[in-house]
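The values are calculated or read from the model by the stated rules, or taken from the named source; none is laboratory data. Fair warning: this is a prediction, and the values are worked out from it, not measured in the lab. FYI the Cβ positions are ideal-geometry reconstructions off the backbone, even for glycines, and counts take in every protein chain you see.
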Amino acid sequence: MKRREFIVSSCTACLSMTGLAALSSCKATHLVSGQLNKDGVLIDLNDFKVKKNAQTEYRSYVVIRNEELKFPICVYRFSDTDYTAIWMQCAHQGAELQVSGTHLHCPAHGSEYDNKGRVTNGPAERDLRTFPVTLNNDQLFIDLRKQ
Ligand code: FES
């Protein structure tokens, strides 16, 4: 195989893999817009539910993406009463983070954070901004006034 053919086939393979990865991560991430008010944002707890064969399972996180917010908020569910809401802006230089399973990743320089917003890999040196969450019947209120 000539050098040019090798480069073309390698790039095609990489693009295919990247496309598959993007599709699978899109499929896994459940986006919601929430209801924004002056104090915070409300989401429905049903957004975490997934029906499978007449059984209810729960997503480990949903992402709030609302055009009124400068960055998305990732809300992790640990139990019926335990949630963490994380501002998806990197603590290093402010890029938007990507969520993947139990961690958040920065595409700019590679910082990583766990599902509580704690930095696990630099160059970021600070944890992410998180917000208090309150359960209210079948809704979760994320208080954007406090940190
Ligand atoms: S902006 Fe996220 S690691 Fe630099």
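Give just the number: which of (1) within 13 Å of the ligand (Cβ to nearest atom); (2) farther than 26 Å from Gln35 by Cβ does Gln55 not satisfy?
Condition (1) is where Gln55 drops out.
Residues to consider are Leu69, Leu135, Leu128; find the one that is in a strand (DSSP E or B) and either among the aliphatic types (A, V, I, L, M) or exposed (fewer than 13 other Cβ atoms within 10 Å of the Cβ) (or both).
Only one candidate qualifies: Leu135.
Quick check on the range 18-40: of everything there that is out of contact with any helix residue (DSSP H, G or I) (no Cβ under 8 Å at 6 or more places or on another chain) and aliphatic (A, V, I, L, M), which residue is modelled with the highest pLDDT?
Looking at residues that are out of contact with any helix residue (DSSP H, G or I) (no Cβ under 8 Å at 6 or more places or on another chain) and aliphatic (A, V, I, L, M), I get Leu36.
Looking only at residues in the range 123-140 that are of a type in the set (A, V, I, L, M) and touching a strand residue (DSSP E or B) at 6+ places or on another chain (Cβ under 6 Å), which one is nearest to the ligand (Cβ to nearest atom)?
Among those residues, the one meeting the criterion is Leu128.
Across the range 79-99, what is the total count of residues that are surrounded by 13 or more Cβ atoms within 10 Å (Cβ to Cβ) and either acidic (Asp, Glu) or free of Cβ contacts under 8 Å to residues at least 12 places away in the same chain (or both)?
Step one: of the range 79-99, the residues surrounded by 13 or more Cβ atoms within 10 Å (Cβ to Cβ) are 83-92, 95-99.
From the residues that got through so far, the ones that are either acidic (Asp, Glu) or free of Cβ contacts under 8 Å to residues at least 12 places away in the same chain (or both) too are 96.
Number of matching residues: 1.
Being over 15 Å from Val32 (Cβ atoms), of a type in the set (Ser, Thr, Tyr), crowded, with 16+ Cβ neighbours inside 10 Å and within 16 Å of the ligand (Cβ to nearest atom), is that true of even one residue in the range 100-122?
The answer is yes, given that some residue of the range 100-122 is over 15 Å from Val32 (Cβ atoms), of a type in the set (Ser, Thr, Tyr), crowded, with 16+ Cβ neighbours inside 10 Å and within 16 Å of the ligand (Cβ to nearest atom).
Checking Glu57 against (1) free of Cβ contacts under 8 Å to residues at least 24 places away in the same chain; (2) part of a loop (DSSP other than H, G, I, E, B), only one condition comes out false. Which one?
(2)
If you scan the range 69-90, which residues turn out to be within 15 Å of the ligand (Cβ to nearest atom), more than 17 Å from Leu36 (Cα to Cα) and touching a Ser or Thr at 6+ places or on another chain (Cβ under 7 Å)?
Answer for the range 69-90, where residues must be within 15 Å of the ligand (Cβ to nearest atom), more than 17 Å from Leu36 (Cα to Cα) and touching a Ser or Thr at 6+ places or on another chain (Cβ under 7 Å): just Cys90.
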